[in-house]
Number of protein chains: 2
Amino acid sequence: MNRETLVQEIKNKASFLCVGLDTDIKKIPTHLLGESDPVFAFNKSIIDATKEHCVSYKINTAFYEALGSKGWESMERTLNYIPSNIFTIADAKRGDIGNTSDMYARAFFETLHFDAVTLAPYMGKDSIEPFFKYKNKWGIVLALTSNSGSQDYEQQNIGNEKLYERVIKNTCEIGNASNLMFVVGATKPQELGAIRKLVPEHFFLVPGVGAQGGSLSDVCEHGMNKDCGLLINASRSIIYASNGLDFAEKAKEEAQKMNGEMKKILQQQGII
Amino acid sequence: MNRETLVQEIKNKASFLCVGLDTDIKKIPTHLLGESDPVFAFNKSIIDATKEHCVSYKINTAFYEALGSKGWESMERTLNYIPSNIFTIADAKRGDIGNTSDMYARAFFETLHFDAVTLAPYMGKDSIEPFFKYKNKWGIVLALTSNSGSQDYEQQNIGNEKLYERVIKNTCEIGNASNLMFVVGATKPQELGAIRKLVPEHFFLVPGVGAQGGSLSDVCEHGMNKDCGLLINASRSIIYASNGLDFAEKAKEEAQKMNGEMKKILQQQGII
């Protein structure tokens, strides 16, 4: 999906919500366990219930890999079920030497048809470069994450800047605002504002609203740009809103609620 | 596999060779393409041909993911075929927030039964900690890699030390010499010597000998310890030694040659 389409979808739906499909077979309602593919059955219901209220789904590959090749099949089925006007993210945090990253890019962009994949930059620019060779595909690079461990390296100084700032600057040499996003945690709204100044145009994928304590209004105040520029991820607060027969209905209510809050903010900001 | 068994296997075989199964379906001999699972057929022949000369196989997950769920099946078959006295590594470079890393650990240690998985430390200590909760399982953390991009962050100074040194020190707080190894590229033998001083006991997984230009004798001179302390990975130079009907035979010759060189070094160092 290209940037123009993504921005248009945000305006159409008055939403910049990304629903995280961190589907743990140990947490889904027990009545689904008799299905031939319980994880897909769960995801299908969640997608049906939330697709009007979100512009993106993020598939956390770890939860599928935990089930082995069967889990990859569930991931493939889920991805194929997502409507084509919704931006799809493989939250895979890949990154390796060049010829290996070529294979990861092939995995997520050619074999599977994700729009985007999250990338871990530790090994340097050349380790993520192969993901930026594809038209209308995106690399979403870890910058400042929402976990406490972000202070171990990301927030340490290299020269006169933080490591995550160096990562952002370096990565802007290999990608642009139409194929590169950054992961910036919602738990650090002040830093989010500083990062917005550094890269005014780029989209940010923002985890940590809700369960991890970040506030939607704080994130928008510091991180929004003229095209919105944000995809706010919510996973557990939506997909596990209920553990009963009404799980999809409750997920819809949660997504609808966030959609409503987002609509107000987009209106206040004059984006819609 | 525990450390004692690994060291004993190194002594028994007079080898510290790790064969990298970076199996690309586009590069395997064409006569295998008629098999129901060509990647597994290739790996099976390579394992049969090299298992006497190596102590470890490293499965590069990217090459399997590039084939989707079928690729994961090939990976599962390959892992199950490797004899139990050989140390198995998922070269997956995973790392994420805690509850997601829990799932990756489940994927590689419980669903698949790898002995070890490579880890990317960018997100901090808490992002790799879940991998160290398993008995006789190993995390192999990226420290100083063999690619040119290692200068972008790994070799930059944080305070008065390099980022990779900080990673090593921090990671030693959550793992020990019996469950934690480090990836250190063969292309930087001087730095390898400095890292050996920092962590005298730990094993290093060393890529970059052969195709990437690192020398076996240089690596051993600077990196060996009293238990050997090295797993030297070779991938393309062994598995693609020939592209014809004799591919397994030629792979065996290459592995045997490296085994011979390693035996001499182990004898010179008084390890066997």
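Plainly put, the tip 7 Å out from Cα toward Cβ on B:ASN160 is 2.3 nm from that tip on each other copy, the closest given first. May I ask which residue of B:VAL199, B:TRP72, B:MET123 lies farthest towards the positive end of the charge dipole of segment B:3-268, with charges of +1 (Lys, Arg) and -1 (Asp, Glu) on Cβ and the Cα centre as origin? Of the candidates, B:VAL199 comes out farthest on the positive side. Ranked from shortest, the separations from the 7 Å Cα-to-Cβ label point of A:LYS263 to its equivalents in the other copies are 7.6 nm. In this structure, the amide hydrogen of B:MET181, modeled 1.01 Å from its nitrogen in the peptide plane, lies closer than 5 angstrom to those of B:GLY139, B:ILE140, B:VAL141, counting only residues at least 5 positions away or on a different chain.
Got a sec? How would A:LYS263, A:LYS93, B:LYS137 order by Cβ neighbour count within 10 Å, fewest to most?
Details: A:LYS263 15, A:LYS93 30, B:LYS137 20.
The most exposed by this proxy come first: A:LYS263, B:LYS137, A:LYS93.
Based on the Kirkwood radius over alpha-carbon pairs, what is the Stokes-Einstein translational diffusion coefficient of the protein assembly as shown at 37 °C with 0.692 mPa s viscosity, in µm²/s? Translational diffusion coefficient: 138 µm²/s.
P(r) for chain B: what percent of alpha-carbon pairs falls in each 10 Å bin, starting at zero? Bins of 10 Å from zero give 7, 31, 37, 21, 4, 0 percent of pairs.
Explain nothing, just the number: dipole magnitude of segment A:1-143 about its Cα centre with +1 on each Lys and Arg Cβ and -1 on each Asp and Glu Cβ, in debye rounded to the nearest 20.
Values: 17 positive and 18 negative charges, 54 e Å.
Using only the charged Cβ atoms, the result is roughly 260 debye.
Taking amide H as placed 1.01 Å from N in the peptide plane, A:ILE158 has its amide H under 5 Å from the amide H of A:LEU163, each at least 5 places away in sequence or on another chain. Across the options B:ASN179, B:ASN60, B:CYS220, the greatest Cα extent toward the positive end of the charge dipole of segment B:3-268 (unit charges at beta carbon of Lys, Arg, Asp, Glu) belongs to B:CYS220.
Antiparallel beta bridges, as assigned by DSSP with both residues in segment B:3-268, represent about 10 percent of the total such bridges.
In debye, nearest 20: dipole of the protein assembly as shown around its Cα centre with unit charges on the Cβ of K, R (+) and D, E (-)?
Values: 60 positive and 66 negative charges, 61 e Å.
Dipole magnitude for the protein assembly as shown comes out near 300 debye.
Between the alpha-carbon centres of segment A:207-269 and segment B:230-248 there is a gap of 50 Å. For A:HIS53, the amide hydrogen comes within under 5 Å of no other amide hydrogen, counting only partners 5 or more places away or on other chains and with H modelled in the peptide plane.
Residues A:HIS202, B:HIS53 in ascending order of nearby Cβ atoms (within 10 Å, fewest first): B:HIS53, A:HIS202.
Quick one: B:TRP72, B:TRP138, fewest Cβ neighbours within 10 Å first, how do they rank?
Values: B:TRP72 25, B:TRP138 28.
So the ranking, lowest neighbour count to highest, is B:TRP72, B:TRP138.
Inter-copy label distances for A:ASN176: 5.4 nm (label point placed 7 Å from Cα along Cα→Cβ; shortest first). The slack in the chain from B:SER178 to B:ASN80, taken as 0.36 nm per residue of separation less the alpha-carbon distance, amounts to 32.9 nm. Multiplying each eigenvalue of the alpha-carbon gyration tensor of segment A:115-236 by 5 and taking the square root yields semi-axes of 21, 17, 14 Å, largest first, rounded to whole angstroms.
For chain A, the Cβ-based charge dipole about the Cα centre amounts to some 360 debye (Lys, Arg positive; Asp, Glu negative; other atoms uncharged).
Between B:SER217 and B:ASN99, the FRET efficiency estimated from the beta carbon spacing at R0 = 45 angstrom works out to 0.50. Give me the distance between the Cα centres of segment A:126-176 and segment A:29-102, rounded to whole Å. If we compute the Cα centre of each part, the gap is 24 Å.
Every read-out reported here was derived from the displayed coordinates using simple, explicitly stated rules and does not represent laboratory data. What you see is a predicted model; the values in this text were computed from it and never measured. Note that each Cβ is placed from the backbone with ideal geometry, even for glycine, and that neighbours are counted across all protein chains shown.
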